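The values are calculated or read from the model by the stated rules, or taken from the named source; none is laboratory data. Predicted model only: the values in this text are computed from it and were never measured. All Cβ positions, glycine included, derive from the backbone under ideal geometry; neighbour counts span all protein chains shown.
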Amino acid sequence: MAQVEAELIRQSSSGIELIHNIGQYICCSGGKRIRPAILLLGCKMCGYDGPVGPRLGAVVELIHSATLVHDDIIDNSNVRRGRATVNAQWGNEITVLFGDWLYMTSFRLALGERRLKVLDILIEATRKMVEGELIQLAFNGNLNVTEEQYLDISTRKTAFLFSACSQLGAVLGSVDEEKEESLRLYGLNVGLAFQLVDDVLDFTANESVLGKPVGSDLREKKLTLPLIYLIRDGAPHHRELIRRAFLDCNLDEAKREEIFRLVREYRTAERVLEKAEQYARYAREYLKDFPPS
């Protein structure tokens, strides 16, 4: 991972002072680096330990960072990872262009490997992420979103990049198609589990854990699975409360706390965690044909 970090710092550097300052600001903002970690673990599992792994680890993290800076503009977010967002620091116009710069920087680095399959995987994952964001925006404020529709959005926005990471490990390790597909599906299911846990944390964690205000999805009128379950299974007057909250331009603290209370009462967060655990079990099943590592 140290090699990934070093590559991220190199790729985020620029002779243009503004770009360099924003790039280093993002690099120093931390992050779990779970996507490059999955890629490197996939490489190790498939017997590859060369220099391309860390470089592609930096690529997927740059793509992820690009989506975050664009997401923060769309969501009008001011805090991420406990620090001011790029758009809060430099404004939306600069941030849009910097996100574009990150995308192009990531693909320039990937192109340097001269492997079309690698590019195919990365481009498809990026397209799926944009599709997921567009579908989610189209559904914003819509209380009739089904569980299936939400999982489709999560698969596109989150899980496809996870699957790209695990699949790239298989590609670099030159394993057979069956094992490559198993690793791809492993990443897809891990990505879904990750997203569902993240949805739950928005209702159950605190700001120091999240690195952003609790209830951000609710404030942004994003319908996540704990709320979808609540709307589907809640009493009519509870569904009406949520409907009014979503229509309210400025969701007040009392309404927010009442929705949090209903999530606890109906145990919808626990049910989402059970679904996340189900996806984690599916993910482990796809590793059964690989030797312990």
**OP:** Return yes or no: is Asp252 loosely packed, with under 15 Cβ neighbours inside 10 Å, closer than 18 Å to Val145 by Cα and free of Cβ contacts under 8 Å to residues at least 60 places away in the same chain?
**Re:** no
**OP:** Spot the failing condition for Thr158; the list is (1) within 14 Å of the chain's Cα centre (by Cα); (2) surrounded by fewer than 20 Cβ atoms within 10 Å (Cβ to Cβ); (3) β-branched (Val, Ile, Thr), and only one is missed.
**Re:** (2)
**OP:** Specify the residue that is nearest to Gly191 (Cα to Cα); the eligible residues are those in the stretch 47-63 that are crowded, with 21+ Cβ neighbours inside 10 Å and of a type outside the set (Val, Ile, Thr).
**Re:** Glu61
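Conditions tested, residue by residue: (1) of a type in the set (Val, Ile, Thr); (2) within 20 Å of Arg184 (Cα to Cα).
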| site | (1), (2) |
| --- | --- |
| Ile259 | yes, no |
| Glu265 | no, no |
| Val272 | yes, no |
| Glu285 | no, yes |
| Ser293 | no, yes |
Original post:
How many of the residues in the stretch 112-136 are touching a helix residue (DSSP H, G or I) at 6+ places or on another chain (Cβ under 7 Å) and not small (Gly, Ala, Ser)?
Top reply: 13
**OP:** Output yes when any residue across the stretch 60-80 is in a helix (DSSP H, G or I), modelled with pLDDT of 95 or more and of a type in the set (Asp, Glu), and no when none is.
**Re:** yes
**OP:** Return only the number of the condition from (1) part of a helix (DSSP H, G or I); (2) touching a residue at least 24 places away in the same chain (Cβ under 8 Å) that Gly47 does not satisfy.
**Re:** (1)
Subject >> Residue in the stretch 198-217 that is modelled with the lowest pLDDT, counting only those that are surrounded by fewer than 20 Cβ atoms within 10 Å (Cβ to Cβ) and under 17 Å from Ile153 (Cα atoms) >> reply: Asp217
**OP:** Report, by residue number, each residue of the stretch 22-40 that is surrounded by fewer than 13 Cβ atoms within 10 Å (Cβ to Cβ) and free of Cβ contacts under 8 Å to residues at least 40 places away in the same chain.
**Re:** Cys28, Lys32
Original post:
Does the stretch 221-248 hold any residues that are farther than 14 Å from Thr268 by Cα and either touching a Pro at 6+ places or on another chain (Cβ under 7 Å) or surrounded by fewer than 14 Cβ atoms within 10 Å (Cβ to Cβ) (or both), and which are they?
Top reply: Pro236, His237, Glu240, Arg243, Arg244, Leu247, Asp248
**OP:** Name the one entry in Leu201, Leu225 that is hydrophobic (A, V, I, L, M, F, W, C), farther than 14 Å from Ile38 by Cβ and in contact with a Phe, Trp or Tyr (Cβ under 7 Å, 6 or more places away or on another chain).
**Re:** Leu225
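Looking only at the stretch 218-242, filter to residues that are in a helix (DSSP H, G or I) and at pLDDT below 85; which one of those is nearest to Leu273 (Cα to Cα)?
Restricting to residues being in a helix (DSSP H, G or I) and at pLDDT below 85, the top hit is Leu218.
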Original post:
For residues in the stretch 129-150 being free of Cβ contacts under 8 Å to residues at least 60 places away in the same chain, within 18 Å of the chain's Cα centre (by Cα) and surrounded by fewer than 19 Cβ atoms within 10 Å (Cβ to Cβ), which is farthest from Pro36 (Cα to Cα)?
Top reply: Gln149
